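*Asks:* I'd like to ask you about the structure that follows.
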Amino acid sequence: MADYTFYTNPMSRGQIARWALHEAGGDYEQALVDWKDKSAAFLAANPMGKVPALVHHVADGDRVVTEAAAICLYLAEMHPEAGLLPNDAEMADYYRWTFFAAGPVEQAITARNLKFEPMPEQEGMAGWGSFERTMKTLDGHLSGTTWICGERFTMADVYVGSTVDWGLNFGILPPLPSFAAYAERCQARAAYKAAKAIDNALIAEMRK
Ligand SMILES: N[C@@H](CCC(=O)N[C@@H](CS)C(=O)NCC(=O)O)C(=O)O
């Protein structure tokens with residue numbers, strides 16, 4: 001049995017977790033989830049019925065991790081030899097921007113996509129404030145750095161990079177030079193290419 005069972009669908013945030021698995025070198029078996037026919041095993045692992053969901057098979061039982069950002073950070077911890085964990089100096093940026101992407105950026109994108117934006121008097125209670133504030137803040141960081149934590153790629157880049165890459169592809173993120181250049185750096189990673197090749201082949205198969 002592989003170390004991980006990876007519940008995913010190629011057209012989903014599962015792409016983030018697959019890239020993370022390839023960066024970490026995790027030994028996984030994929031279990032494809034059909035939105036209309038979710039298996040009992042999948043729903044037992046994640047009662048939310050959402051992918052990605054990762055089951056880590058260890059000697060004393062199974063551990064379940066859901067939420068793409070948590071899966072990324074968990075894999076970095078389980079595979080320290082892959083060199084994706086932050087050192088002390090990188091730690092603040094690592095957590096800050098991973099959570100910024102999973103919270104404000106994800107919410108800003110979703111809100112814009114679903115066409116609801118907080119009114120100025122509602123911005124104070126909306127975690128992302130406004131789409132513009134969130135984008136300006138992310139642009140500010142990415143304009144002055146190669147990777148999220150500086151000159152070295154870490155697992156934070158898998159999550160933040162996936163968010164930027166996806167947001168640009170779907171035309172929701174503004175095509176700012178800092179976003180486009182960062183997405184290009186991410187796309188050049190061997191693990192990114194290997195993971196996307198698998199998901200793209202599965203998507204092509206589904207469309208036949
Ligand atoms: N907070 C979750 C969101 C996961 C999510 O919404 N996944 C979508 C696909 S991108 C899904 O599984 N949708 C199927 C459904 O809700 O039934 C994460 O970050 O992983």
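*Asks:* Using the charge dipole of segment 67-172 (Lys, Arg: +1 at Cβ; Asp, Glu: -1 at Cβ; taken about the Cα centre), state which of Ala92, Gln107, Thr146 has its Cα farthest towards the positive end.
*Replies:* Of the candidates, Gln107 comes out farthest on the positive side.
*Asks:* What is the helix-to-structure angle for 14-24, meaning the angle in degrees between its Cα long axis and the longest Cα principal axis of the chain, kept from 0 to 90 and rounded to the nearest 10?
*Replies:* 80
*Asks:* Mind putting a number on the dipole of the chain about its Cα centre? Charges go on the C-beta only, +1 for Lys and Arg and -1 for Asp and Glu, and I need it in Debye to the nearest 20.
*Replies:* Here the size comes out at about 680 debye.
*Asks:* Run the Debye formula on the Cα coordinates of the chain, all scatterers equal and no solvent, and tell me log10 I(q)/I(0) at q = 0.10, 0.13 1/Å.
*Replies:* For the chain, the Cα-only Debye profile gives -0.44, -0.75.
*Asks:* Can you give me the C-alpha center-to-center distance between segment 49-83 and segment 112-154, rounded to a whole angstrom?
*Replies:* 26
*Asks:* Set the Förster distance to 30 Å, then compute FRET efficiency between Met11 and Ala180 from the Cβ-Cβ distance, nearest 0.05.
*Replies:* For Met11 and Ala180, the calculated efficiency is 0.85.
*Asks:* Taking only Cα atoms, what is the 0 to 90° angle, nearest 10, from helix 68-78's long axis to the longest principal axis of the chain?
*Replies:* Here the helix axis deviates by roughly 60 degrees.
*Asks:* Cα to Cα, under 23 Å, and not fewer than 8 places away if on the same chain: which lysines meet these conditions relative to Lys136?
*Replies:* Lys136 reaches Lys115.
*Asks:* Something else: Give me the net charge for the shell around Tyr95: Cβ to Cβ below 13 angstrom, other residues only, Lys and Arg +1, Asp and Glu -1.
*Replies:* Combined, the nearby Lys, Arg, Asp and Glu give -3.
*Asks:* To continue, here is another question. Under 27 Å between alpha carbons, and skipping anything fewer than 8 positions from Lys38 in its own chain: which lysines qualify?
*Replies:* Within reach: Lys50, Lys196, Lys208.
*Asks:* Can you give the accessible area of Ile109, probe radius 1.4 Å, in Å² rounded to 10?
*Replies:* Per-residue accessible area (Ile109): approximately 10 Å².
*Asks:* Give, in nm to one decimal, the length gained when the segment between Lys36 and Asn169 is fully stretched (0.36 nm per residue of separation minus the Cα-Cα distance).
*Replies:* Extending this stretch completely gives an extra 45.3 nm.
*Asks:* Let me ask something additional. Which is the longest stretch in the chain that no exposed loop site breaks, taking sites as chymotrypsin sites (Phe, Trp or Tyr not before Pro) with a DSSP loop state and at most 11 other Cβ atoms within 10 Å?
*Replies:* 36-115
*Asks:* Expressed as a rounded percentage, what relative contact order does segment 91-191 have, with Cα pairs under 8 Å and six or more residues apart?
*Replies:* Relative contact order of segment 91-191: 30 percent.
*Asks:* Kindly identify segment 128-208 as rounded, prolate or oblate by the Cα gyration tensor criterion: order the square roots of the eigenvalues as a ≥ b ≥ c, call it rounded if a/c is under 1.5, otherwise compare a/b with b/c, prolate if a/b is larger, else oblate.
*Replies:* oblate
*Asks:* Okay, next question. For the chain, find the longest principal axis of its Cα atoms and tell me its angle to the long axis of helix 177-187, 0 to 90°, nearest 10.
*Replies:* Here the helix axis deviates by roughly 10 degrees.
The values are calculated or read from the model by the stated rules, or taken from the named source; none is laboratory data. All values reported here derive from a predicted model rather than from experimental measurement. All Cβ positions, glycine included, derive from the backbone under ideal geometry; neighbour counts span all protein chains shown. Surface accessibility is based on the protein's heavy atoms, side chains included, excluding ligands, DNA and RNA. Shrake-Rupley method; radii C 1.70, N 1.55, O 1.52, S 1.80 Å.
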